[in-house]
Structure formats: C-alpha cells, structure tokens
Amino acid sequence: MQGWHRRRWYIGLASSAVAACLILGIGMVTWHRAEHPTSVAQVQIMNPHDLNADGQVDIVDALVLAKRVQRHEARPENDLNHDGLVTASDADELASTIVRLQGGVSR
Ligand SMILES: [Ca+2]
Ligand SMILES: [Ca+2]
C-alpha cells in the first residue's frame, strides 16, 4: 500500500514537471515572438522599400522616408541613391522610381 502511494506521488511529480516544462517552453516561445515579431522568412520576402510594411511600394513609402529624414530617423538601408547619406534626395529617388513604374506598385 505504501509503495502504491509512493509510485502515485512520483507519477504526480513527473506529471507536474512535464506540465511546468510545457508552460515554460510555451512562455519562452511567446516571449521570443514578442521580442522578435518579424520572422526570418518575412525578412527574406519583405521589400526593403516597403517602409510602412503594407505589402506594396508606393508613394506613401516615399512620404514615410521623407518623414524619417526630417526626424533624423532614417536607416542606412534607406540610402537609395548610394551616396553614403540618407537625405531628402533618397525620398525623391524612391518617388521617382515609383512614378517610372507607371502603376506605382512594386512587389
Ligand atoms: Ca508600403
Ligand atoms: Ca542617399
């Protein structure tokens, strides 16, 4: 009888440990996704000129870049004319490229 209780106690302890590991694992995955919301797959398919991340490159992205330049929040990858600086000319370059595309859309 005492052995049966002990075995039952061990099974309960093991079940609790498994449940704790699952909860911890789910918590870690949830935390990781919250800290890193963009997955590697999304980075690879995302157009670097889609600055508002709406799935298309259009004049709104040029406006977003112009605002970033005004606020000194532009990133090095926003240097579209490759002159080593991110300025209003890069926003102009993006706008010009969009206009040349005739549909204004590049995916
Ligand atoms: Ca966009
Ligand atoms: Ca530039």
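Below is a table of values for the structure above.
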item: Failed item in (1) part of a helix (DSSP H, G or I); (2) under 18 Å from ARG100 (Cβ atoms), with HIS49 passing the rest; result: (1)
item: Filtered residues of region 27-77 (kept if at pLDDT 70 or above and charged (D, E, K, R)); result: ASP50, ASP54, ASP58, ASP61, LYS67, ARG68, ARG71, GLU73, ARG75, GLU77
item: Residue in region 84-96 that is out of contact with any His (no Cβ under 6 Å at 6 or more places or on another chain), part of a loop (DSSP other than H, G, I, E, B) and within 14 Å of ligand 1 (Cβ to nearest atom) present; result: no
item: Residues satisfying the stated conditions in region 52-81, i.e. near ligand 1 (Cβ under 6 Å from one of its atoms) and in contact with a Leu (Cβ under 7 Å, 6 or more places away or on another chain); result: ASP61
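The values are calculated or read from the model by the stated rules, or taken from the named source; none is laboratory data. Predicted, not measured: the structure shown is a model, and the values here were computed from it. Cβ sites come from the backbone with ideal geometry, for glycine too, and all protein chains shown count toward neighbours.
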